[in-house]
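Down below is the structure, laid out as structure tokens.
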Amino acid sequence: MKSFKVADFNAPLQEIDEPTPQPAGTQVLIKVKAAGVCHSDLHIWEGGYDLGHGRKPLSLKDRGVSLPRTMGHETVGEIIAFGPDVKESDKGGLKTGDVVLAYPWLGCGKCKTCVGGDENMCIVKPNALGVYCDGGYADHMTVPHPKYLLDLKGLDPVTAAPYACSGVTTYSALKKVEFAFDSPIVIFGAGGLGLMALSLLKAMGSR
Ligand SMILES: [Zn+2]
Ligand SMILES: [Zn+2]
């Protein structure tokens with residue numbers, strides 16, 4: 001398979017050819033159909049975040065991000081194969097050939113936070129796809145378990161890929177003000193997230 005990896009922070013991505021992985025355990029192998037480029041990818045590539053106000057930059061290396069790394073946390077792909085330990089009941093109706101969005105915000109999967117359904121908040125071992133493990137800037141990608149895959153049911157892969165990041169980010173913010181949807185809602189900024197928020201706001205029935 002072909003992928004584009006960060007081999008060194010701040011250096012051009014490297015095009016790598018390597019054998020396509022076979023899904024092990026409960027993994028699912030997908031063939032990438034769309035991979036969103038998020039502004040966070042620039043920071044991951046740079047190796048950290050400027051926190052502003054003269055504070056020390058947040059270093060991703062200190063947070064356990066290792067290289068080389070295939071970025072890409074907004075990924076839609078077609079299911080190619082399930083790992084040998086995937087039970088029929090794990091699949092949630094998914095089958096080979098289905099086009100799915102990969103939920104990327106994975107944690108250790110075992111701590112209280114993860115088991116409670118908030119894997120994105122895991123501090124024991126954050127495991128986000130495209131950050132802590134390889135993501136969608138590749139023609140194939142493995143996802144640790146079918147429960148992280150959502151059937152697109154005909155939605156356009158390119159439109160849907162960013163739902164994995166800017167979509168959930170803005171949806172979560174809008175849910176907090178849903179009670180006020182009969183009044184005007186102000187969105188600051190019309191960048192990637194601002195425009196996503198506007199589309200979702202309409203879809204959620206606000207004016
Ligand atoms: Zn993102
Ligand atoms: Zn956890």
Discussion item. Please pick out the residue among ARG63, ARG55 that is within 16 Å of ligand 2 (Cβ to nearest atom) and either modelled with pLDDT under 90 or not in a loop (DSSP other than H, G, I, E, B) (or both).
Written reply: ARG63
Item to complete: Take the stretch 63-113 and flag every residue that is away from ligand 1 (no atom under 16 Å from the Cβ) and of a type in the set (Asp, Glu).
Response: GLU78, ASP85, GLU88, ASP90, ASP98
Worksheet item: Does ASN127 satisfy being within 16 Å of ligand 1 (Cβ to nearest atom), surrounded by fewer than 18 Cβ atoms within 10 Å (Cβ to Cβ) and not hydroxyl-bearing (Ser, Thr, Tyr)?
Response: no
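I'd like to verify a number: residues in the stretch 27-52 that are assigned to a loop (DSSP other than H, G, I, E, B) and more than 17 Å from GLY135 (Cα to Cα), how many? Steps first, please.
First pass over the stretch 27-52, keeping only residues assigned to a loop (DSSP other than H, G, I, E, B): 27, 36-38, 47, 50-52.
Filter again for more than 17 Å from GLY135 (Cα to Cα), leaving 50-52.
So the answer is 3.
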Practice prompt. Sort through LYS147, LYS125 and tell me the only one that's at pLDDT below 95 and within 16 Å of ligand 2 (Cβ to nearest atom).
Written response: LYS125
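A quick yes/no check of all residues on (1) assigned by TED's automatic domain parsing to the domain that holds LEU29; (2) part of a loop (DSSP other than H, G, I, E, B); (3) of a type in the set (Gly, Ala, Ser); (4) in contact with a helix residue (DSSP H, G or I) (Cβ under 6 Å, 6 or more places away or on another chain):
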| position | (1), (2), (3), (4) |
| --- | --- |
| ALA160 | no, no, yes, no |
| SER172 | no, no, yes, no |
| LYS175 | no, no, no, no |
| ASP182 | no, yes, no, no |
| LEU193 | no, no, no, yes |
| ALA197 | no, no, yes, yes |
| LEU200 | no, no, no, yes |
| SER206 | no, yes, yes, no |
Practice prompt. Within the stretch 80-90, track down each residue that is free of Cβ contacts under 8 Å to residues at least 60 places away in the same chain and in contact with a Leu (Cβ under 9 Å, 6 or more places away or on another chain).
Written response: ALA81
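Residue-wise test of (1) at negative phi; (2) more than 16 Å from ligand 1 (Cβ to nearest atom); (3) under 15 Å from the mean Cα position of the chain (by Cα).
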position	(1), (2), (3)
LEU13	yes, yes, no
GLU18	yes, yes, no
ILE30	yes, yes, yes
ALA35	yes, no, yes
ASP41	yes, no, yes
Worksheet item: Of the residues LEU101, LEU155, which single one is in a strand (DSSP E or B) and away from ligand 2 (no atom under 11 Å from the Cβ)?
Response: LEU101
Item to complete: Output the number of the condition that GLY77 fails; it satisfies all remaining conditions of (1) free of Cβ contacts under 8 Å to residues at least 60 places away in the same chain; (2) surrounded by 15 or more Cβ atoms within 10 Å (Cβ to Cβ); (3) not in a loop (DSSP other than H, G, I, E, B).
Response: (1)
Worksheet entry | Top-ranked residue in the stretch 80-123 [being closer than 21 Å to GLY167 by Cα and in contact with a Ser or Thr (Cβ under 6 Å, 6 or more places away or on another chain); ranked as surrounded by the fewest Cβ atoms within 10 Å (Cβ to Cβ)] | MET121
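The values are calculated or read from the model by the stated rules, or taken from the named source; none is laboratory data. Because the structure is predicted, anything quoted here is derived from the model rather than measured. Positions of Cβ are backbone-derived with ideal geometry, glycine not excepted, and every protein chain shown enters the neighbour counts.
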